[in-house]
């Protein structure tokens, strides 16, 4: 067993894990930096040496969530060959997320509502741009005549499904979202 394996997670990793748990469960605004430091089991200096500020830690937390969601959806879509199935698969992948224990809605919506600021806005804009870009690209591959318009409409359904799953505590919101997305896609294709 090497020294690296015995050392365990770095202070950076422990801080990010603690931030992910606390910020997602309780909110970025309500969780103070001292709680993150305590949960991570590191000194306050470790946080400031690693991230510089709470805002930077929040930004990195959101960017990590973006990367995890993007990888998860991309992996999920690998099971489908056709563009229609891949597009609708985005909503199925979303449904898997909704069904997870501890699902608390969209971290980007929560952070934007609680703690608007440049770091949160940049991270949220990056995530939202990725979602819309994915939906637009899949709409284009499916042959939609106005893929940007359809991508925007599908993005609204995606956002609404997340909000419904959280507020109604109903993971099956993704089923309704998928059906709505299918209807929009089929209407767009029929009009082509």
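Any chance region 20-32 includes a residue that's over 23 Å from residue 125 (Cα atoms) and either surrounded by fewer than 19 Cβ atoms within 10 Å (Cβ to Cβ) or under 18 Å from the mean Cα position of the chain (by Cα) (or both)? Yes, the conditions are met somewhere in region 20-32. Residue count for region 41-59, restricted to those that are crowded, with 18+ Cβ neighbours inside 10 Å and touching a residue at least 60 places away in the same chain (Cβ under 8 Å): 2.
Among the residues of region 121-129, at least one is in contact (Cβ under 8 Å) with a residue 60 or more places away in the chain, exposed (fewer than 14 other Cβ atoms within 10 Å of the Cβ), under 29 Å from residue 54 (Cβ atoms) and within 18 Å of the chain's Cα centre (by Cα). Of the conditions (1) buried (at least 16 other Cβ atoms within 10 Å of the Cβ); (2) at pLDDT 95 or above; (3) more than 12 Å from residue 58 (Cβ to Cβ), residue 38 satisfies every one except a single condition; which number is it? The one condition residue 38 does not meet is (1). Within region 108-144, being at pLDDT 95 or above and not in a helix (DSSP H, G or I) holds for 142, 143, 144. Here residue 105 meets the list (1) in contact (Cβ under 8 Å) with a residue 60 or more places away in the chain; (2) outside any helix (DSSP H, G or I); (3) loosely packed, with under 15 Cβ neighbours inside 10 Å almost entirely, failing just condition (3).
Would you check if there is a residue in region 60-76 being loosely packed, with under 13 Cβ neighbours inside 10 Å and in a loop (DSSP other than H, G, I, E, B)? No: region 60-76 contains no residue that is loosely packed, with under 13 Cβ neighbours inside 10 Å and in a loop (DSSP other than H, G, I, E, B). Restricting attention to region 13-59, the residues that are part of a loop (DSSP other than H, G, I, E, B) and within 24 Å of residue 106 (Cβ to Cβ) total 8. Applying the set (1) modelled with pLDDT under 95; (2) touching a helix residue (DSSP H, G or I) at 6+ places or on another chain (Cβ under 8 Å) to residue 32 leaves exactly one unmet item: (2).
Scanning region 80-101 for residues that are loosely packed, with under 13 Cβ neighbours inside 10 Å and touching a helix residue (DSSP H, G or I) at 6+ places or on another chain (Cβ under 7 Å) yields no hits at all.
The values are calculated or read from the model by the stated rules, or taken from the named source; none is laboratory data. Just so it is clear, the model here is predicted, and its values are computed rather than measured. All Cβ positions, even for glycine, are placed from backbone atoms using ideal geometry, and neighbour counts span all protein chains on display.
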